[in-house]
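Take a look at the structure below.
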2 protein chains.
Amino acid sequence: MKNSWDKLIQGIREKDIRAMARLITRIENREDGWKTAMTEIYPLTGKARVFGITGSPGAGKSTLTSEIAKELADRGYTIGIIAVDPSSPFSGGALLGDRLRMQQIFTVKEIYIRSMATRGMLGGLCQAARDVIRIMDAFGKDVILIETVGVGQDEIEIVKTADRVMVVCIPGMGDGIQAIKAGVMEIADLYVINKADKPGADEVEADIQAMLSLSSDLEGEVPPVLQTSALKKQGIPELVSALLKNPSDTQKQKVKEEIRIKEEILSLMEREVFRQVRSAWENDGSLQDSVSQVMQKTSDPYTIVKQMLLNHKHR
Amino acid sequence: MKNSWDKLIQGIREKDIRAMARLITRIENREDGWKTAMTEIYPLTGKARVFGITGSPGAGKSTLTSEIAKELADRGYTIGIIAVDPSSPFSGGALLGDRLRMQQIFTVKEIYIRSMATRGMLGGLCQAARDVIRIMDAFGKDVILIETVGVGQDEIEIVKTADRVMVVCIPGMGDGIQAIKAGVMEIADLYVINKADKPGADEVEADIQAMLSLSSDLEGEVPPVLQTSALKKQGIPELVSALLKNPSDTQKQKVKEEIRIKEEILSLMEREVFRQVRSAWENDGSLQDSVSQVMQKTSDPYTIVKQMLLNHKHR
């Protein structure tokens with residue numbers, strides 16, 4: 001087993017795509033030894049730039065992601081794409097037309113695409129995304145793009161693992177602006193109005209600008225707002241240049257990085273603690289006893305947990 | 001403080017709506033003593049029937065929820081509605097037209113509506129929804145409807161806390177059927193094709209029926225598929241009758257209930273253990289030290305967590 005992990009890690013050092021694919025699968029499945037493997041991969045990381053791409057379903061995120069990837073490839077970068085959007089064509093979740101359009105970039109050697117199953121990974125999806133980013137980084141990808149559908153809290157957490165986040169809007173989304181206000185604003189480093197060839201793009205831009213100028217949360221740089229049409233390949237070079245531009249406020253970047261590390265440590269710790277306590281309580285039968293007590297209405301979940309934790313401490 | 005909790009709990013015994021509203025807010029905010037309060041509320045619960053309503057954005061879930069609530073009120077039931085859909089008009093997230101339409105039911109005395117913030121409750125949203133259901137149940141609501149947007153894993157978890165779950169589809173959603181296949185199928189007790197006055201309703205019904213007949217996962221009862229038009233108020237009585245019909249397989253219901261209790265105990269426990277460990281590590285500075293180590297690349301998050309847990313055990 002150990003041997004096999006080593007072989008895969010050696011494989012990514014040698015830029016073997018199949019080794020990377022297999023490694024990602026095994027890490028995602030949390031196979032025995034995954035944490036040790038990630039510890040070995042960690043020193044190989046830290047070179048890639050990670051961009052998050054989020055927005056409502058239907059905003060054209062996948063097409064935009066493809067176009068950004070192609071532009072980056074043209075500029076000589078190698079790219080990894082992670083799609084954690086269940087409706088993404090990358091994940092096989094979208095209409096046939098989208099999927100066909102996407103396939104062009106599957107054949108570009110510099111671009112490696114991986115979709116992540118969102119099911120069965122409750123809570124762990126964000127950490128799994130971090131791990132996949134690291135594997136691609138260790139492999140030597142220069143830029144990693146993470147596409148998520150920006151609705152759930154989970155998706156917002158995922159996109160926060162990126163260095164820079166672009167929020168994709170479209171003309172005519174009166175609704176969307178509200179959604180942005182509600183949750184996405186503090187994570188956006190850049191706004192993109194996609195499908196800007198359709199009527200209403202300037203109005204959305206004005207709305208976003210107004211929102212940004214009203215916001216008291218923003219310190220320093222105001223996020224740029226760009227218009228694109230991924231389908232018509234308009235505005236992509238400008239967007240990519242904006243993405244690649246180094247943020248001027250390095251202190252702010254450092255603080256963001258510290259927060260990211262702290263959140264990762266806590267989330268890894270949470271899952272590990274939970275796994276340990278759960279298996280202890282399942283093995284000694286106390287979990288099943290508790291369920292029976294609640295079923296018989298002789299206790300309730302709140303009391304049960306209080307008692308279980310007290311017993312655990314006194315052991 | 002204790003006194004004030006008691007007063008609120010007494011308030012819900014006396015069917016004081018404002019006491020219920022205040023109690024929900026304090027429980028949601030996890031104010032000191034919330035678990036004791038919930039322990040006192042628990043014996044008052046167990047009478048309400050809880051129905052989950054989920055489906056893609058734009059499926060008309062909120063309008064459908066309103067119509068179901070009105071039909072139930074007409075039949076003499078009292079109703080609680082919980083909207084955990086950030087785009088729901090109940091949460092203030094939708095278009096003005098929807099919101100105005102919704103307001104009709106705000107004035108029906110038997111119907112109490114509560115929207116839940118999805119932000120800042122990562123992981124805890126599902127437990128908070130369980131708690132709000134219990135408070136409404138203890139208050140004496142006969143039926144509780146939970147509306148969630150069925151995209152994220154979080155939302156699926158929430159809807160699983162319901163006794164019965166209806167999945168709302170609409171005509172012309174080739175995409176939607178795929179989404180159903182991917183995640184929702186095992187939780188659906190009932191399928192509703194809303195907006196059935198639009199072309200394509202029969203095709204979607206045929207698709208769902210075909211999917212159901214192919215599924216090997218389904219034991220016993222096959223979930224019924226109903227057509228409605230919430231906007232035109234068609235098919236609502238039939239839907240409500242189907243919802244209220246007692247499931248014939250009581251053994252299956254018991255198993256589902258056991259799973260629900262087990263999941264709740266584990267999730268309460270997880271959060272509590274995490275809270276304790278986190279605060280211990282924050283207080284003694286070891287969390288901050290760890291972040292610094294990772295920042296300086298002298299360690300990595302995986303190794304840090306392993307070491308921290310070992311230290312914790314040996315204390």
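Each Lys and Arg adds +1 at its Cβ and each Asp and Glu adds -1 at its Cβ; summed about the Cα centre, segment B:264-314 shows a dipole of about 120 debye. Legend: Rg and Dmax of segment B:5-47, from Cα coordinates, 9.6, 27 Å.
Summing charges over all other residues whose Cβ lies under 10 Å from the Cβ of A:Ala48, with Lys and Arg as +1 and Asp and Glu as -1, gives +1. Listed values for segment A:56-68 are Karplus-derived 3J(HN,Hα) couplings in whole Hz (6.51 cos²θ - 1.76 cosθ + 1.60, θ = phi - 60°), namely 5, x, x, 7, x, 4, 5, 4, 4, 4, 4, 5, 4, and x replaces Gly and Pro. What are the residues whose amide H is under 5 Å from the amide H of B:Met116, where those residues sit 5 or more places off or on another chain and H is modelled from the backbone? Here B:Ala83, B:Val84, B:Asp85 satisfy the definition. By other beta-carbon atoms within 10 Å, ranking B:Leu64, A:Leu244 with the fewest at the front produces A:Leu244, B:Leu64. Inter-chain Cβ neighbour count for A:290-302, averaged per residue, equals 6 (cutoff 10 Å, partner chain atoms only). With θ taken as phi - 60° and the Karplus curve 6.51 cos²θ - 1.76 cosθ + 1.60 applied, the whole-hertz 3J(HN,Hα) list for segment A:11-22 is x, 6, 4, 8, 6, 8, 4, 5, 5, 4, 4, 5 Hz, x standing for glycine and proline. Averaged over the residues of peptide A:270-283, the number of Cβ atoms from other protein chains lying within 10 Å of each residue's Cβ is 4. Taking amide H positions as modeled 1.01 Å from N, with prolines and chain starts lacking one, the residues under 5 Å from A:Leu190 and 5 or more places away or on another chain are A:Val165, A:Val167. A cut-off of 5 Å between modelled amide H atoms, ignoring neighbours fewer than 5 places along the same chain, links B:Thr78 with B:Asp142, B:Val143. In straight Cα distance, which lysines are under 20 Å from A:Lys256, not counting same-chain residues fewer than 8 positions off? Straight-distance partners of A:Lys256: A:Lys47, A:Lys160, A:Lys245, B:Lys297. Projecting the Cα atoms of B:Gly285, B:Met269, B:Leu243 onto the dipole axis of segment B:238-287, where Lys and Arg carry +1 and Asp and Glu carry -1 at the beta carbon, places B:Leu243 farthest toward the positive end.
Each value in this text was obtained by applying a stated rule to the coordinates, not by laboratory testing. All values reported here derive from a predicted model rather than from experimental measurement. No Cβ is skipped: glycine too gets one built from the backbone with ideal geometry, and neighbour counts run over all protein chains shown.
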